[in-house]
Every structure is written in C-alpha cells, then in structure tokens.
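Just so it is clear, none of the values below were taken in a lab; they were calculated from the coordinates. This is a predicted model, so every value here is computed, not measured. In this analysis, Cβ positions are derived from the backbone assuming ideal geometry, glycine residues included, and neighbour counts consider all displayed protein chains.
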Amino acid sequence: MDKPATDSHGKRPSSRLDISVSPGNARDFDLWRHGLSPLYEMDTPDASARASYAAEMTSYYIADVGIATGSASAANFERTPLTIARGGLDNICLLIYSEGGCGLDTEGHSAEVHPGDVCFLDMTRQSALRAPRYQNLSVVLPRALLTPLVADLDGLHGRILQRSTSLNTMLVSHLRALFDEAPVLTSKDAGAAAHGTAALVAAFAGASANGREVIEQASASASLQTARRLIEAKLHEPDLGPDLVCQRLGMSRAKLYRLFEPIGGVGEYIQQRRLSRAYQALTDPAQANLYIGAIAVQCGFGSASVFSRAFRSAFGISPTDLRANRRVDTGALSDDSAFTTMRRLLLGMGSRRR
C-alpha cells in the first residue's frame, strides 16, 4: 500500500490501495472475499473456477468517496439483507465496465449491463450481479452528497445510463479523470470533484422529467427523508409503526405507503432498520458485554424471542451465533494486509451514515 501524501493544510488527499489475487492462492482469494464483504458476497460461478481465479485492483478513498478500477475473473456478487446490515452503507455506487459487462438483478427486475454503460446501485437495497471476466471502474458516493440534488434518489437503484447517450460520455469521462487525478487531489479539490459528480448524476436522474414532475418528485423525496429521519430517531420505541409516523408527520397512511412503496414498504423498512442496528450492536466490540435481550429492547423489539426469530429469518443466523462467529472471524483474518485495510475503509464509510 502506497503512503498517501499530504496537502498544504496537512490533510491526506487520498488513501491508495493496490491489491491482487494470483491464480491458485486460496488464502488471498478468501481475504479478497472478506475485503469485499461490506459491499457484496462474492464467489466464483463454480468451485473449479476458484483455482484459476485472478484479480487486481487499485483504489482511492478520498474523503467520503471511494473510487477503484480493476479486472478479475468471472464472479457472482450478491447484496443480501445480511450484507446490507453488516456494512451499514448508505451510499450510491456507480459501476462502469470497460470489458465484460454483467447480468443485473434488482428486487425482481433483471437487466444486462453492457461495456460502456453506467449502472447505479443503492447500497441500502438488494442486488445481484453475474459478471464474466471483466474490467471496470466503480465509484461509491455518500447518499448525503446526492440527496439535495436528485429529486428521486430512490428511483436510481438498478437504472442504467446507456453508452450511446451524450450524458454517458460526459459522466464516464469525468469519472475516469477523477480516478486519474485522485493521487494528487487536495481535500478541497476532492470535495469539489465529488460535488461535480453528484451534479452529473442529478442531470441524468432528472433528465426526462418536466418542471412540474421535478417539483412533485422533490416534495416526495423531502417527505421520505423526513420520515426516514423520524424512524431512525424512534427505532427504540416498540410502538413505532405507520400510525405513529403518520401522527408525528401529519400525513395520511395512503401518502406514507406511497412514499415507501419504491423501497419495499414502511413496515419492512422499519424492520430492516431495527435489524441492521441490532447487527451493528452485536458486532461492535464496545458492546460485547451487552446482553442480547438488552440489544433487542434498544432496537425496539418487544422480547428477545421475537427479536431472535426475526434476526434468524433475515440473516440466516441467530444473534448468539453471530456474536460467537464474529469473534472467530476477527481473529482468523486480522492480519494487517491490504485486503483487511480495504474492508476497514469500506466499513468506515458505513460508520459515517446519517
């Protein structure tokens, strides 16, 4: 890993990571998967492909933005409720393949991402990618950067900006320039570049809407963000539900349901946020001595048994087993390598959410 320089104010402009996996190196393959785990559960299409799997990646972490380019053998990537809870990321990912492309599944919708297309993925929602041997560029932006500029941010998930459009050319050129300049960007310039990226994304997201639609979408987006903030503040209250949200915000149930329909419904969203908060608590070393029943209460569950059933249903593991496995995993993969540094940086992006 290269040691980053400092700008004129003594601030590190970026952190660089160079990572590679050589064919047949089972240890590095497992570390690679572990390093990527805040973003996606990754594996090869079949067991025999693991022996020949190879990958390389160069990435930079500039303030709250991550940008990387790399190539790898064929692989499948899945972002499940467990992945979402583990990483805690509230970010939007832009993905551009220069070679290979991928098949994309997002909450019941399937599409093909071709070389040159720009694909948008919401890290708070589920997705799956099936990629042949590929080369790509990816950028991870915090939601807070895009929220003021994009009227319908929740509508971005799974959308594809095709290579044939002029806006695609502008956005891809900008992202490639951002990667090329990352080693020398000062903290101030990096912030300006990130806002420029957000502006181009906003141009795409609102490109087909007329003025009235933009106003309506912006109003709905503001209401949704207000509801989300209220839910986050009240997760510990057992009676948190649609009725309480409607009462506190002075809106009808019909409007509340319409707001949350694109992201799976208000009840499902509350449950997901409760379970995600519980996951973070169970894997937080600072809360290792806190009883599981106490964690259930602080996350708004009426009893430890109800919490355990919901947790196992969502993540396929009990709260007790997760806590035990976490201790084992941390010890097994605690070496100070670029792989685990990548994972720490990705988890760090999640820790700054909201």
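With an 8 Å Cα cut-off and a minimum separation of 6 or more residues, compute the relative contact order for the range 211-316 in percent.
Computed value for the range 211-316: 27 percent relative contact order.
Each residue of the range 85-101 in order: what ³J(HN,Hα) in whole Hz does its phi give by Karplus 6.51 cos²θ - 1.76 cosθ + 1.60, θ = phi - 60°, with x for Gly and Pro?
5, 5, x, x, 7, 10, 10, 10, 9, 9, 10, 10, 9, 8, 9, x, x
Give me the one-decimal nm value for the distance between modelled label points at Leu249 and Ala49, 7 Å along each residue's Cα-to-Cβ direction.
4.1 nm
Between Leu290 and Ala233, what FRET efficiency follows from the Cβ-Cβ distance if R0 is 25 Å, with the result rounded to 0.05?
Taking R0 as 25 Å, the efficiency between Leu290 and Ala233 is 0.75.
Can you give the extra length, in nm with one decimal, that the chain gains between Ser318 and His114 once fully stretched, where that is 0.36 nm per residue apart less the Cα-Cα distance?
Separation in residues times 0.36 nm, less the Cα-Cα distance, equals 69.5 nm.
So how far apart, in nm, are the two label points at Ser166 and His195 if each is 7 Å from Cα heading toward Cβ?
2.6 nm
Taking amide hydrogens as modeled 1.01 Å from N in the peptide plane, which residues meet the under 5 Å criterion relative to Ala75, leaving out close sequence neighbours?
Sorted by chain and number, the residues that satisfy this are Ala131.
Place a label point 7 angstrom from the Cα of Glu261 along the Cα-to-Cβ direction, then list the residues of the range 110-133 whose backbone nitrogen is under 16 Å away.
None, by backbone N distance to the label point.
Amide H to amide H, which residues 5 or more places from Gly158 or on other chains are under 5 Å from it, using H placed in the peptide plane?
Phe120, Leu121, Asp122
For the range 36-44, what does the Karplus curve 6.51 cos²θ - 1.76 cosθ + 1.60, with θ = phi - 60°, yield as ³J(HN,Hα) per residue in whole Hz, taken in order and with x for Gly and Pro?
7, 4, x, 8, 8, 7, 10, 7, 7
Using a Förster distance of 35 Å, how high is the FRET efficiency between His174 and Arg27, based on the Cβ-Cβ distance and rounded to 0.05?
0.40
Find, among the GluC sites (Glu not before Pro) in the range 55-156, those assigned to loop by DSSP (not H, G, I, E, B) with at most 15 other beta-carbon atoms within 10 angstrom.
In loop regions of the range 55-156 (DSSP not H, G, I, E or B), the sparsely surrounded GluC sites (Glu not before Pro) are Glu107.
For the range 249-261, in order, what is each residue's ³J(HN,Hα) by Karplus, 6.51 cos²θ - 1.76 cosθ + 1.60 with θ = phi - 60°, in whole Hz (x at glycine and Pro)?
Karplus-based 3J(HN,Hα) across the range 249-261 equals 9, x, 10, 6, 4, 4, 5, 4, 5, 5, 4, 8, 4 Hz.
Considering only DSSP states other than H, G, I, E and B, which chymotrypsin sites (Phe, Trp or Tyr not before Pro) in the range 257-294 qualify as loop sites with at most 15 other Cβ atoms within 10 Å?
Answer by residue number: Tyr291.
Which of rounded, prolate or oblate describes the range 81-124 when judged by the alpha-carbon gyration tensor and an a/c cut-off of 1.5?
Prolate, since a/c reaches 1.5 and a/b exceeds b/c.
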